[in-house]
Amino acid sequence: MREIYLDSNATTRPADVVVRAMDEALRRHWANPSSVHRAGQAVRHEVELAREEVARLLGCRDREIVFTSGGTEADNLALLGSLAARPRRRVLVTNRLEHSAVRETAEKLEAAGTEVVWLEVDGLGVVRLDVLADVLARRADEIAVVSVMWANNETGVIQPVEAIATMCREHGVRFHTDAVQWVGKMPLRLGESPIDLLSLSAHKFHGPKGSGALFVRAGVRLDSRAIGGPQERGRRGGTENVPGILGLGAAAAHARVWLETAERERLEAVRDDFERRIVAAIDEAAVNGAASPRMWNTSNIGFRRLEAEAILLLLSERGICATAGAACSSGSLDPSPVLLAMGIAADYAHGSVRFSLSRDTTRSEIDAAIEIIQEVVARLRASMSVA
Ligand code: PLP
């Protein structure tokens, strides 16, 4: 059976250049980059070349890159490291649409006594700038960091991050963005932007899992969360994951070249066509966030009165890998809080499935997927009417 992988927001296939770089790292560059002998210094050189590649992809300086174990750690470091570095600023500002790496960190801090301001979102799933403006006007001196993600992992909805960062900058407030679903898929020029902290993860753009980075603008003070090592200029202790870092460097170099092609526009047209044909062919199917600014690779589609779990199971049997933005609890699927916060009706949210494309996705895969999705939904609806 042909496998059609439409779950690229979960992870992507490592590019061949990434696999080669990691293989080299394990075979040849296995010395400790902190060692002063020649073998160690040769590995240090490779790590610094990888840092350069990541900085080129982001349009920032090499020394502004801190390697981490991925997006989750980068998000944690941005929030916790900011609070720890400036103890007089005790307020955190974020929103409920964030990935759990930010949302649950904020919830945990809130339970432990930190004040968290949860920004409202509008019907398009976009953070309300008027609410943020009000918070900044009243509380700028108390805020440790404002954290708003760039592109949402479930819906692809894009936040006006540059505008938010500019507002924060005007009030002297630090701004972090979780750009895990943005980096490698969209161009970036951090040198010219007011963003202070930005998280990325290699495996979302054809790099390895367990490898990522936090961009920390020069001059932004951050306390390390991993204690006991001077690595990464004291911001992230622990002997470097050299294969992961070299894999990330290779993925960044590859992404930079890819972003210069017209592939992104081509794939966006394929995604749009996919949505148009699904909505035309299937009754009571709706694209979540259709009217919102969205990433080119993400389609979140609600099939009314169906359960996402049942759809995914049948799709998987037919070779399609997709996912639902829902957490399984006590045998039933809770609709995604992200969809509910956007005002998606519960009978659509329950049956919402995320399809996410990558550079590797082909038009013929999409054509085949449309047929299979149609058949699966028809089968489930037929079984409902019999029952
Ligand atoms: N932030 C977002 C928006 C994500 O989509 C993910 C991964 O799903 C993460 C953070 C976590 O990244 P990692 O898997 O590298 O820890």
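Pick from the range 211-232 the residues that are within 15 Å of the ligand (Cβ to nearest atom) and surrounded by 18 or more Cβ atoms within 10 Å (Cβ to Cβ): which of them is nearest to Ala106 (Cα to Cα)?
Looking at the filtered set, the residue picked out is Leu214.
Consider only pairs whose beta carbons are under 7 Å apart and that are at least six residues apart or on different chains; among these, list those whose first residue lies in the range 114-143 and is in contact (Cβ under 8 Å) with a residue 60 or more places away in the chain and whose second residue is of a type outside the set (Lys, Arg) and in a helix (DSSP H, G or I).
Here the result reads Val121/Ala341, each pair linking the range 114-143 to a residue that is of a type outside the set (Lys, Arg) and in a helix (DSSP H, G or I).
Every residue, every condition in (1) in contact (Cβ under 8 Å) with a residue 24 or more places away in the chain; (2) in contact with a strand residue (DSSP E or B) (Cβ under 9 Å, 6 or more places away or on another chain), yes or no:
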{"position": "Val18", "(1), (2)": "yes, no"}
{"position": "His29", "(1), (2)": "yes, no"}
{"position": "Gly40", "(1), (2)": "no, no"}
{"position": "His45", "(1), (2)": "no, no"}
{"position": "Leu97", "(1), (2)": "yes, yes"}
{"position": "Arg103", "(1), (2)": "no, yes"}
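Consider only pairs whose beta carbons are under 6 Å apart and that are at least six residues apart or on different chains; among these, list those whose first residue lies in the range 288-316 and is in contact (Cβ under 8 Å) with a residue 40 or more places away in the chain and whose second residue is charged (D, E, K, R) and part of a strand (DSSP E or B).
Listed pairs, sorted by first residue: Asn300/Arg354.
Here is a check on your reading of the model: is His254 closer than 19 Å to Ala50 by Cβ and open to solvent by less than 40 Å² (accessible area, probe 1.4 Å)?
No: the conditions fail for His254.
Which one is nearest to Ala308 (Cα to Cα) among residues in the range 343-387 that are of a type in the set (D, E, K, R) and under 23 Å from the mean Cα position of the chain (by Cα)?
Per the stated criteria, the residue is Arg354.
Can you name the condition, by its number, that Asp141 falls short on among (1) farther than 20 Å from Asn297 by Cβ; (2) open to solvent by less than 10 Å² (accessible area, probe 1.4 Å)?
Answer for Asp141: the failing condition is (2).
Evaluate the range 259-275: report whether one residue or more is among the small types (Gly, Ala, Ser) and closer than 30 Å to Arg379 by Cβ. So that I can check it myself, show each step before the final result.
Start the filter on the range 259-275 by keeping residues that are among the small types (Gly, Ala, Ser), which leaves 262, 269.
Adding the requirement that they be closer than 30 Å to Arg379 by Cβ leaves 269.
Among the residues of the range 259-275, at least one is among the small types (Gly, Ala, Ser) and closer than 30 Å to Arg379 by Cβ, which makes the answer yes.
May I ask you to verify whether Val121 is within 30 Å of Ala345 (Cα to Cα), β-branched (Val, Ile, Thr), within 17 Å of the chain's Cα centre (by Cα) and buried (at least 19 other Cβ atoms within 10 Å of the Cβ)?
no
If the requirement is being assigned to a loop (DSSP other than H, G, I, E, B), open to solvent by 20 Å² or more (accessible area, probe 1.4 Å) and over 20 Å from Thr94 (Cα atoms), which of these qualifies: Gly191, Gly238?
Gly238
The values are calculated or read from the model by the stated rules, or taken from the named source; none is laboratory data. Owing to the predicted nature of the structure, the values given are computational and were not obtained by experimental measurement. FYI the Cβ positions are ideal-geometry reconstructions off the backbone, even for glycines, and counts take in every protein chain you see. Protein only, heavy atoms only, side chains kept; ligands, DNA and RNA dropped before computing areas. Shrake-Rupley method; radii C 1.70, N 1.55, O 1.52, S 1.80 Å.
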